[in-house]
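Structure record follows, encoded as structure tokens.
Only the coordinates and a few stated rules stand behind these numbers; no lab work does. Here the structure is a predicted model, which is why all the values come from computation and not from measurement. In this analysis, Cβ positions are derived from the backbone assuming ideal geometry, glycine residues included, and neighbour counts consider all displayed protein chains.
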Amino acid sequence: MIGFIPVRLSETGAKPPWIEETVTQLLSKHGAMFRCTRPYAKGQPLELERLDTRQRAIARVVWQRKETCGLHEIGVEILNSVSFWNQG
């Protein structure tokens, strides 16, 4: 399902903390795909915050790839919420 929801990605445990704002490119009940400015490692935990609802969730990166334009695509699995995207 395509959905453009604004989100803030926070790298949990990073010193200094890394925060990036982006929008979802694809959604599923248990995850999403984003374009971002930096690579994230497979298995890396992230905190997601929906900028429209301020709802938060913990996710982990399940795949990533670099695009030719210099951006990165990442796929995440949401670990602690079954209705983060309100898709039932």
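I'm checking my understanding of the structure. Among residues of segment 1-60 that are of a type in the set (Asp, Glu) and within 11 Å of the chain's Cα centre (by Cα), which one is nearest to Ile78 (Cα to Cα)? Steps first, please.
Looking only at segment 1-60, we keep the residues that are of a type in the set (Asp, Glu), and these are 11, 20-21, 47, 49, 52.
After this cut, where a residue has to be within 11 Å of the chain's Cα centre (by Cα) as well, the list is 11, 20-21, 47, 49.
Details: Glu11: 14, Glu20: 17, Glu21: 17, Glu47: 9, Glu49: 12 Å.
Among those that are of a type in the set (Asp, Glu) and within 11 Å of the chain's Cα centre (by Cα), it is Glu47.
Residues in segment 60-88 that are under 16 Å from Phe4 (Cβ atoms), loosely packed, with under 14 Cβ neighbours inside 10 Å and touching a residue at least 40 places away in the same chain (Cβ under 8 Å): 1 in all.
For segment 60-88, which residues satisfy the criterion of being of a type in the set (S, T, N, Q), closer than 17 Å to Leu26 by Cβ and out of contact with any His (no Cβ under 9 Å at 6 or more places or on another chain)? Show your work before the answer.
Within segment 60-88, the first condition is being of a type in the set (S, T, N, Q), and the residues that meet it are 64, 68, 80-81, 83, 86-87.
Applying the additional criterion that residues be closer than 17 Å to Leu26 by Cβ yields 64, 86-87.
Across segment 60-88, the qualifying residues are Asn86, Gln87.
I need a count of the residues in segment 31-77 that are polar (S, T, N, Q) and either under 15 Å from Ile19 (Cβ atoms) or in contact with a strand residue (DSSP E or B) (Cβ under 6 Å, 6 or more places away or on another chain) (or both). Give the steps one after another, and end with the answer.
We begin by selecting, within segment 31-77, every residue polar (S, T, N, Q); these are 37, 44, 53, 55, 64, 68.
Next, only the ones that are either under 15 Å from Ile19 (Cβ atoms) or in contact with a strand residue (DSSP E or B) (Cβ under 6 Å, 6 or more places away or on another chain) (or both) stay: 37, 44, 64.
The number of residues fulfilling the criteria is 3.
Applying a threshold of 7 Å to beta carbon distances and a minimum spacing of six or more residues, or different chains, the list of pairs starting in segment 38-59 at a residue that is under 14 Å from Val82 (Cα atoms) and ending at one that is hydroxyl-bearing (Ser, Thr, Tyr) and outside any strand (DSSP E or B) reads Ala57/Ser81.
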